[in-house]
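The values are calculated or read from the model by the stated rules, or taken from the named source; none is laboratory data. If you're wondering where the values come from, they're calculated on a predicted model, not measured in any experiment. Every residue, glycine among them, receives a Cβ derived from its backbone with ideal geometry; neighbour counts consider all protein chains shown. Surface areas here come from the heavy atoms of the whole protein model, side chains and all, with no ligands, DNA or RNA. Shrake-Rupley method; radii C 1.70, N 1.55, O 1.52, S 1.80 Å.
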Amino acid sequence: MSATPRPLHVAFLGCGFITGVHSRHLRALAGGGDAVLASYASRDAGRAEATRERHGGVRAFTGYEAALADPDVEAVVVAVPPAHHLDLVLAALEAGKHVLVEKPAFLTAADYERVIAARDAAGPGRVVLVGENDHYKPLAVTLRALLAQGAVGELVMASFVTVADKAKAAEDWRNDEALAGGDAFFEEGIHWLHLADSLGPRITRITGHRPALAADVEQLADRRSRSRLVSFEYDSGAVGALFYSREVPSLLQGLRVSKLWGREGVITFESNGAAVVVRSRHRLRGAPRVVLPGYRDIRGYQAMYRDLVRSVRAGTQPEMSLERALSDHRLMEEAGVA
């Protein structure tokens, strides 16, 4: 019998909201071969220790440099505003650490290329995973499988809808484009663009359209551009559109329906992953096929960390590699977002 590998020891650089999200999902991996031990680093010693206590972490570090210098830390999670990602990722690679960097990972394509070069210079087996959890969520896995199986035949059109009224507070760092790297679509809409480009066919041409800002935008706490329509063409010949907004009221704070139209049927899915309905040509008069992607890891964080652990242990690049994320970024540039 083979022994269970020791847990991967990661240190979170940053103790904000998203670190808490990651940490809660890591608990589900405890005790197995994909287990992760977490430590926490902050420029504020008290905050690092409080975060460690809250999530049952191993160590608390005062300053990011202390975490990078600890030989027991194998990997770091860069969980600070995007404007600071580049310097921390480069420092982590120089310190011999594997890296998971939150998305959007970097502000420019040149930044991605610089990190790719640094990763490669660090030697084979050095892992950098871009934290695109939506790539791993059950909805994305289910949609990829259905299209690959030909459940609705050749894809003709796609419509992705994510609309809700979710303004950020005035003091939220995402309201500062210098820290966030861009508007709401750059900071969050990238997840939905990746979903649209990850289902099998790849986007080869894209156009972005931004509505005018609200007339009273200067009186709002969240003054960013918060809506975007993106249209695109796939390499298969199919076409699609992504409707994104964080300023339009929506049922249950974001319940929306998206569709994939094929020549043999239609896939209808709740945009956040609650359920998928498949109606094909031979089922038009019968009950549709209902698929429940799963709720246990509905946002994909656990699967993302499993990919990180496997990649580190095997010395291979993860599914959400720097190259894959750079492809997403270039689509954003072509759409006029980045």
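Using every alpha carbon pair in the chain, what percent of pairs falls into each 20 Å bin from 0 up to the bin containing the largest distance?
Bin by bin from 0 Å, the calculated values are 29, 57, 13, 0.
How much mean residue ellipticity at 222 nm does the chain get from its helices, if each DSSP H run of length 4 or more adds -39500 (n - 2.57) and you divide by all residues, to the nearest 500 deg cm²/dmol? Present the calculation step by step, with values, prior to reporting the outcome.
On the way: 10 runs with 99 residues, N = 338.
Taken over the chain, the calculation gives -8500 deg cm²/dmol.
Of all GluC sites (Glu not before Pro) in segment 102-204, which ones are in loop regions per DSSP and have a Cβ with at most 11 other Cβ atoms within 10 Å?
Details: sites: GLU102, GLU113, GLU132, GLU154, GLU171, GLU177, GLU187, GLU188; in loops: GLU132, GLU154, GLU171.
In loop regions of segment 102-204 (DSSP not H, G, I, E or B), the sparsely surrounded GluC sites (Glu not before Pro) are GLU171.
Probe radius 1.4 Å, ligands and nucleic acids ignored: give me the carbon and sulfur share of the accessible area of the chain as a rounded percent. Spell out each step's value before the answer.
On the way: 7890 of 15020 Å².
Carbon-and-sulfur percentage of accessible area, whole number: 53.
Roughly what angle does helix 45-55 make with the longest principal axis of the chain, taking Cα atoms, 0 to 90 degrees, to the nearest 10?
60
Work out from phi, with θ = phi - 60° and the Karplus expression 6.51 cos²θ - 1.76 cosθ + 1.60, the ³J(HN,Hα) of each residue of segment 324-329, listed in order in whole Hz, and give x for Gly and Pro.
Coupling constants for segment 324-329: 5, 5, 5, 4, 4, 4 Hz.
Which of the trypsin sites (Lys or Arg not before Pro) across segment 290-338 are loop residues per DSSP, with 10 or fewer other Cβ within 10 Å?
Details: sites: ARG296, ARG299, ARG306, ARG310, ARG313, ARG324, ARG330; in loops: ARG296, ARG299.
Those satisfying the criteria are ARG296.
Treating only the Cβ of Lys, Arg, Asp and Glu as charged (+1, +1, -1, -1), what charge dipole size does the chain show about its Cα centre? Round to the nearest 20 debye.
On the way: 41 positive and 41 negative charges, 301 e Å.
Taking the Cα centre of the chain as origin, the dipole is about 1440 debye.
With a cut-off of at most 16 other beta carbons within 10 Å, and DSSP calling the residue loop, which GluC sites (Glu not before Pro) in segment 230-289 qualify? Please list them.
Numbers: sites: GLU233, GLU247, GLU264, GLU270; in loops: GLU264.
When the GluC sites (Glu not before Pro) of segment 230-289 are filtered for loop state and at most 16 Cβ neighbours within 10 Å, GLU264 remain.
For HIS209 and ILE18, compute 0.36 nm times the residue count separating them, minus their Cα-Cα distance, and round to one decimal in nm.
Stretched out fully, the HIS209 to ILE18 stretch lengthens by 65.9 nm.
Let me spell out the model: positive unit charges on the Cβ of Lys and Arg, negative unit charges on the Cβ of Asp and Glu, origin at the Cα centre of segment 1-87. What dipole size does that give, in debye rounded to 20? Before the final figure, lay out the partial values.
Numbers: 8 positive and 9 negative charges, 65 e Å.
For segment 1-87, the charge dipole is close to 320 debye.
Any idea of the accessible area per residue across the chain, 1.4 Å probe, to the nearest Å²?
Details: 15020 Å² over 338 residues.
With all protein chains present, the chain gives 44 Å² per residue.
Take every Cα pair under 8 Å in the chain that's 6+ residues apart, average their separations, divide by the length, and report that relative contact order as a whole percent.
On the way: 686 pairs, mean separation 65.6, N = 338.
This gives 19 percent for the chain.
Given SER225, TYR301, VAL77, which one lies farthest toward the positive end of the charge dipole of the chain, if we put +1 on the Cβ of every Lys and Arg and -1 on the Cβ of every Asp and Glu?
It is TYR301, whose Cα lies furthest towards the positive end.
Whole Å is fine, so just give me how far the alpha carbon centre of segment 243-301 lies from that of segment 157-195.
Between the Cα centres of segment 243-301 and segment 157-195 lies a distance of 21 Å.
Using modelled amide H (1.01 Å from N, peptide plane; none on Pro or chain starts), what sits under 5 Å from the amide H of LEU37, excluding residues fewer than 5 places away?
Amide H to amide H, under 5 Å and 5 or more residues apart or across chains, LEU37 pairs with LEU8, HIS9, VAL10.
Using only the alpha-carbon atoms, what does segment 232-305 span along each of its principal axes? Please give whole angstrom values in decreasing order.
35, 30, 30
Taking a label point 7 Å from the Cα of THR62 along the Cα→Cβ vector, which residues of segment 18-44 have an amide N closer than 19 Å to it?
39-44
What's the local net charge at SER245, with K and R +1, D and E -1, over the other residues with C-beta under 9 Å away?
Details: positive: ARG226, ARG228, ARG246; negative: ASP165, GLU247.
Overall, the nearby charge balance is +1.
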